[in-house]
Amino acid sequence: MGVTKRLLTLHGFSYSRVLGKRSQANRNTILKRVSLRSPENSDFEFLASLRRDSVLQALLLNVVASTDDDAVAGWLDRRRSDPDGSFMVIADGTTDEPIGFAQITNIHHRNRYGFVGIALAQSARGQGLGRLAMANLVAVAKEKYQLEKILLEVRADNLAALSLYQSINFRIVGTLLNHFHTDDTSYDVILMEKQL
C-alpha cells in the first residue's frame, strides 16, 4: 500500500471513494496535484479574488463588508496570526500555484476540536480536488494539532459540499434554522462533525 493510500486509510477515508472510479494513472496524477502550504506574498492577488467573490463568500457563510487591498491584507493577517487556528493555501502539487484555501479555526486545545473549511477557485471545482484537500486538512488537524474531532458549518442549500462531507464520514449533528443572512435571503446551516 502506497504512502498516500495509507494516509487516507489512516484518517478514515476510502482511497477509492476519495478518488472515485479513475484509472490508476489518473489517480496518481490527481494525488500529486494537491498540497497545503503556508500563504506567500505572491498568493495575495489570488486570495484577494476569492475574498472579493461575493457568491463564494456567501457559500462560506461570510458577508464581507470591504474588499479593498487593505481589507484583504487585514483578513489575511488575522487568519495567519490566529493562535487558535491555521490558514493554508491549497496548491497545485505540480506547479505550486494556488487553487484555494483551507483553514482550521476556533481550536479548543483542551477538548481537542476545531472548525474546518475549504474554498476552491471555480476552475478547481468538480475534479475531486476538494476531497483531496479535505484529506490533507484532516491530516493536519490530527497530526499537527492532535485534534480528536473536527466540525464544520455548511449552508443547507450547498448540496455539492454536503455530499462531499458526508462521503468522507462527516455526520450531521443539527440544523441551525435561519442562521445565515445575506441582504435579501436567510439560510439554514447544517452543523457537521467528524471523529478523528
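The values are calculated or read from the model by the stated rules, or taken from the named source; none is laboratory data. These figures come from a predicted structure and were not determined experimentally. When we count neighbours, we look across all protein chains shown, and the Cβ atoms used for this are built from the backbone with ideal geometry, even at glycine. Calculation scope for accessible area: heavy atoms of the full protein, side chains included, ligands and nucleic acids excluded. Shrake-Rupley method; radii C 1.70, N 1.55, O 1.52, S 1.80 Å.
Looking at L137, is it part of a loop (DSSP other than H, G, I, E, B), under 29 Å from D43 (Cβ atoms) and open to solvent by less than 30 Å² (accessible area, probe 1.4 Å)? Answer is no for this residue.
Which residue is nearest to E97 (Cα to Cα), if the candidates are limited to region 30-59 and must be in contact (Cβ under 8 Å) with a residue 60 or more places away in the chain and assigned to a helix (DSSP H, G or I)? Per the stated criteria, the residue is F46. Kindly check whether there is at least one residue in region 60-71 that is among the aliphatic types (A, V, I, L, M), closer than 24 Å to D157 by Cα, within 13 Å of the chain's Cα centre (by Cα) and part of a strand (DSSP E or B). No - not one qualifying residue is present in region 60-71. Close Cβ contacts (under 6 Å, 6 or more residues apart or on different chains) running from residues in region 100-120 that are closer than 13 Å to A133 by Cβ and without any contact (Cβ under 8 Å) to a residue 60 or more places away in the chain to residues that are assigned to a loop (DSSP other than H, G, I, E, B) and not β-branched (V, I, T) comprise G100/A121; I104/G85. For region 150-157, state whether one or more residues are of a type in the set (D, E), within 16 Å of the chain's Cα centre (by Cα) and either on the phi > 0 side of the Ramachandran plot or open to solvent by 10 Å² or more (accessible area, probe 1.4 Å) (or both). So far as region 150-157 goes, yes, one or more of its residues are of a type in the set (D, E), within 16 Å of the chain's Cα centre (by Cα) and either on the phi > 0 side of the Ramachandran plot or open to solvent by 10 Å² or more (accessible area, probe 1.4 Å) (or both).
Is it true that A161 is within 21 Å of L47 (Cα to Cα), buried (at least 16 other Cβ atoms within 10 Å of the Cβ), at pLDDT 95 or above and in contact with a strand residue (DSSP E or B) (Cβ under 6 Å, 6 or more places away or on another chain)?
Yes: the conditions hold for A161.
Considering only region 169-186, I want to know if a residue exists there that is touching a helix residue (DSSP H, G or I) at 6+ places or on another chain (Cβ under 7 Å), open to solvent by less than 30 Å² (accessible area, probe 1.4 Å) and not in a strand (DSSP E or B). Looking through region 169-186, none of the residues is touching a helix residue (DSSP H, G or I) at 6+ places or on another chain (Cβ under 7 Å), open to solvent by less than 30 Å² (accessible area, probe 1.4 Å) and not in a strand (DSSP E or B).
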